[in-house]
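Quick note: the coordinates plus some simple rules give every number you see, no bench work behind them. Just so it is clear, the structure is predicted and the values come from calculations on it, not from any experiment. Note that we place each Cβ from the backbone using ideal geometry, even for glycine, and neighbour counts take in every protein chain shown.
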Protein chains: 2
Amino acid sequence: MPEDVDAGEVLAGSVGFLLSKLGMTSAARFAEMLEPLGIDPRHFGILRIVAMTEGQSQQRLAEALHVPPSGMVALIDDVEARGLVERRRNPNDRRAHALHLTTKGRRLYERALEIATAYEEHLCGGLSDRERDHLLALLHKVAAGYGTPAGSHPGMA
Amino acid sequence: MPEDVDAGEVLAGSVGFLLSKLGMTSAARFAEMLEPLGIDPRHFGILRIVAMTEGQSQQRLAEALHVPPSGMVALIDDVEARGLVERRRNPNDRRAHALHLTTKGRRLYERALEIATAYEEHLCGGLSDRERDHLLALLHKVAAGYGTPAGSHPGMA
DNA sequence: TATTGTTATACTCTATAACTATA
DNA sequence: TATAGTTATAGAGTATAACAATA
């Protein structure tokens with residue numbers, strides 16, 4: 001009977017514990033929701049940054065996402081194999097690849113954005129709009145203590 | 001220049017993204033703070049549950065923490081090698097090990113609890129007491145949507 | 001025959017650093 | 001000589017399932 005053994009009341013009062021637990025649980029849920037699309041949250045991150053900065057080189061994105069170059073190769077290989085991203089030759093510097101979304105990639109990215117929205121609804125379903133705004137503000141306030149840039153996520157690395 | 005490429009404003013408005021990012025960042029910080037003790041957050045979890053339920057078997061704890069039996073062996077090996085936990089023979093069932101904290105283990109666990117408290121302070125340093133309580137309440141409300149028991153953390157598995 | 005704990009195997013993930021092609 | 005990208009290799013981590021001791 002694991003119930004005997006649970007007794008986690010102490011940690012229920014800890015912001016750190018709850019944050020870590022909720023972050024992990026909800027990220028796993030997001031990953032499940034993306035599964036029908038054949039991608040995971042990191043691929044989503046790649047699609048997002050390529051969509052925002054078409055034509056950039058792999059290493060530039062690797063730096064921005066704090067992913068080692070070899071890891072970026074694997075990630076781009078994944079999305080390229082699915083026909084979502086194209087490596088184009090850069091005529092100015094033929095060492096570098098210019099990354100672009102394919103039409104299929106753009107469509108899938110849009111579907112992924114819808115899933116992200118549905119996920120957000122799912123997550124905040126129990127909150128009123130006011131509560132959601134308040135939670136967001138409080139999270140930003142906590143996050144301010146960690147000087148991390150807005151768009152980057154440690155899970156990419 | 002990664003700054004050109006950042007542009008994460010959209011996700012800054014997402015509870016899910018922030019939660020996942022903050023959870024991961026702050027958990028990494030907690031791990032760093034535990035490092036001087038030679039343990040990581042999972043070992044802390046083991047010490048905690050053993051402290052709360054002295055004499056339990058490995059498999060009972062494994063079930064409670066959703067860790068596979070072989071993983072529990074590795075985890076207990078770690079803390080036993082550091083002299084923090086003892087495997088005692090159970091006279092009633094000599095297949096099973098009864099797990100107990102050593103004196104050293106109890107002392108180290110208490111230091112780890114102090115670190116956990118310091119970590120919580122560090123995390124919530126930017127918040128007033130009222131804000132902290134409010135954040136906790138909102139997080140609990142979100143967590144209610146995921147029927148996870150209070151003490152368990154998916155990171156143990 | 002079932003169960004506790006252990007070990008062995010195989011698998012995934014990832015990072016480091018060597019390599020190529022361009023510059 | 002330096003840089004973009006790739007590949008090869010080796011290491012950590014982890015799960016599956018076979019195994020030994022006990023019930």
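With a 10 Å cut-off between alpha carbons and a GNM built on chain A, which of A:91, A:68, A:41 moves the most? Between A:91, A:68, A:41, it is A:91 that shows the largest mean-square fluctuation.
In straight Cα distance, which lysines are under 30 Å from residue A:104, not counting same-chain residues fewer than 8 positions off? Of all the lysines, those that pass the test against residue A:104 - Cα under 30 Å, at least 8 places apart if same chain - are B:21.
The modelled label-to-label distance between residue B:92 and residue B:33, using points 7 Å beyond Cα along the C-beta direction, is 3.8 nm.
Per-residue mean of foreign Cβ neighbours for A:42-52 is 1 (Cβ atoms of other chains, 10 Å radius). Applied to segment A:127-140, the Karplus parametrisation 6.51 cos²θ - 1.76 cosθ + 1.60 on θ = phi - 60° returns per-residue 3J(HN,Hα) values of 10, 6, 4, 5, 5, 4, 4, 5, 4, 4, 4, 5, 5, 4 Hz, with x for Gly and Pro.
Each residue of the protein assembly as shown gets 151 Å³ once the volume of the Cα convex hull is shared out per residue. Shown here for segment B:5-56: GluC sites (Glu not before Pro) in loop regions (DSSP other than H, G, I, E, B) with at most 14 other Cβ atoms within 10 Å, namely B:54. Across peptide B:24-33, the mean count of Cβ atoms from other chains lying within 10 Å of each residue's own Cβ comes to 5. Taking all pairs of distinct Cα atoms, average 1/r, flip it, and tell me the Kirkwood hydrodynamic radius of segment B:1-137 in Å to one decimal place. Computed over Cα pairs of segment B:1-137, the Kirkwood hydrodynamic radius comes out at 17.5 Å.
Judged by the ratio a/c of the largest to the smallest principal axis of the C-alpha gyration tensor, segment A:59-126 counts as prolate, that ratio being 1.5 or greater while a/b is larger than b/c.
Among the chymotrypsin sites (Phe, Trp or Tyr not before Pro) in segment B:66-157, none sits in a DSSP loop with a Cβ that has at most 12 other Cβ atoms within 10 Å.
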